[in-house]
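Below is one structure, written out as structure tokens, with a few remarks after it.
Computed from the coordinates by the stated procedures, all read-outs in this text should not be read as laboratory data. All figures in this text were calculated on a predicted structure; none of them were measured in a lab. Here the Cβ positions follow ideal geometry from the backbone for every residue, glycine too, while neighbour counts run over all protein chains shown.
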Amino acid sequence: MSVFQKGAKALITGGASGIGLAVAELCVKSGMAVSIVDFNKETLGLAEKNLKGDVKFVHADVSQEQDWKNIKDTVKDVDFLMLNAGVGGQGTWGDGQYFQKILSTNLFGVINGLNTYVPSFKARADDAAPGAIVITGSKQGITNPPGNPAYNASKAAVKTLAEHLSWDLKDKKGVSVHLIVPGWTFTGLSGNSPSSSTPKPEKPPGAWTASQVCSYMQTKISSNTFYIICPDNDVSETTDKKRILWTAGDIVNGRPPLTRWRDEYKSEAEEWMDKTTV
């Protein structure tokens, strides 16, 4: 039996646009009661205008514990929890605001959400309807490309949290945990702003749509896959696996970090990628 079923209750952070909105649309089509949490009032208003069904719209800052207390007062318990809210941004060492902004939302937005709702998942009866917790990660939190340390660190930490949660709930009947790791997706973070005042760019050929990511996620949840590593039109599942293995090889083989981007290792990395089969 799927968690996406009539009468089930869903809560999605960052649900007013992008992948979160696509998942909210799936939940509505499945007959679920959906609560969308978002900080952006404009996109929240657009979602409220366009998404019809049993839907609540909650304006909140997921980085704030008090806001989660208010969310919990509004939405007591859920069957499907997707902690998807995230922000991007660029900065460097010495820029405390850059680190604070990204870690507050991307990391503590997840921590606060888990602390708010995991106890109720633990308390579910064994014969209750299926439950699922989905956390949105990033390939940058796994392969760690240079250039955005705060974002990469936030997503690496989210991966660790999801893995621990999966372990802690492994004996809980009917509850599954999943880490969704999108590929290149045409969302607001990649230029596709839902704002009515922003010109709509054309989707790059290499990117997936948010709906494609949602469909892929649904399939993987149905097969109880924890690591939902999404490909896109440029990067295949095989390429993702090779990049992850090469990154792990930096530790195993005693290389310096981030060798895939170091000039002195470039030829070796490319040759290894070409010859290795996974």
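Brief remarks follow.
- Ordering of 3-13, 250-260, 112-122, 176-186 by packing [mean C-beta count within 10 Å, highest first]: 176-186, 3-13, 112-122, 250-260
- Helix-only CD estimate at 222 nm, as mean residue ellipticity for the chain, using -39500 (n - 2.57) per DSSP H run (n ≥ 4): -13500 deg cm²/dmol
- Membrane-span-like helices of the chain, defined as complete DSSP H segments with a Cα extent of 20 Å or more along the helix axis and a mean Kyte hydropathy of at least 0.0, are identified as 108-122.
- Cβ crowding within 10 Å averaged over residues, with 85-92, 142-149, 28-35 ranked highest first: 28-35, 85-92, 142-149
- For the chain, with +1 on Lys and Arg beta carbons and -1 on Asp and Glu, the positive-most of HIS59, PHE186, ALA129 along the dipole: ALA129
- Annotation for GLN97 and LEU258: the two label points, set 7 Å from Cα along the Cα-Cβ direction, are 2.4 nm apart.
- The stretch 9-235, dipole about Cα centre (Lys/Arg Cβ +1, Asp/Glu Cβ -1), debye to the nearest 20: 180
- Hits among lysines - C-alpha to C-alpha of LYS275 under 27 Å, sequence gap 8 or more where chains match: LYS139, LYS241, LYS242, LYS266
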